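Okay, structure first, notes after.
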Amino acid sequence: MSKKKLLFEVQEHETIGDCLDRMKEMGYMPVRRMEKPVFEEMKDGGKTDVVPVRQTIVFEGKKMEE
């Protein structure tokens with residue numbers, strides 16, 4: 001018997017609570033939270049720097065048993 005797992009990313013237009021509500025409506029509960037920085041190249045004259053611009057939050061969800 002395998003348990004289904006799915007990844008849910010917090011979208012730019014929603015809060016963490018909105019994402020968790022969306023998971024619950026689909027029948028999933030969060031089991032793990034992952035955060036990843038998103039980088040962007042910024043050019044300053046002849047120099048290129050890689051700087052973090054935001055953080056992406058992803059929840060791993062497990063199908064709830066009924």
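The values are calculated or read from the model by the stated rules, or taken from the named source; none is laboratory data. Worth saying up front: this structure is predicted, and the values here are computed from it rather than measured. Backbone-built Cβ (ideal geometry, glycine too); neighbour counts: all protein chains shown. Side chains are part of the model used for accessible areas, which takes the heavy atoms of the whole protein and leaves out ligands, DNA and RNA. Shrake-Rupley method; radii C 1.70, N 1.55, O 1.52, S 1.80 Å.
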- prompt: When the scattering of the stretch 26-66 is computed by the Debye formula from its Cα atoms alone, each counted once and equally, what is log10 I(q)/I(0) at q = 0.20, 0.30 Å⁻¹?
  reply: -0.68, -0.94
message: With a 1.4 Å probe and all protein chains left in place, how much accessible area per residue does the chain have, in Å²?
response: 83 Å²
query: Could you give me the ³J(HN,Hα) list for the stretch 56-61, computed from phi with Karplus coefficients 6.51, -1.76, 1.60 and θ = phi - 60°, whole Hz, x at Gly and Pro?
result: 9, 10, 10, 9, 8, x
Inter-label distance for Phe39 and Glu60, nm, one decimal - labels placed 7 Å from Cα along Cα-to-Cβ: 2.4 nm
For the stretch 10-20, 3J(HN,Hα) per residue [Karplus equation, 6.51 cos²θ - 1.76 cosθ + 1.60, θ = phi - 60°, Hz, x = Gly/Pro]: 6, 6, 4, 8, 10, 8, 4, x, 4, 5, 5
message: Pairs on different chains or at least eight residues apart, Cα atoms closer than 21 Å: how many lysine pairs in the chain fit?
response: 13
- request: Could I have the simple spin-label model distance between Lys47 and Leu7, label points 7 Å from Cα toward Cβ, reported in nm to one decimal?
  value: 3.4 nm
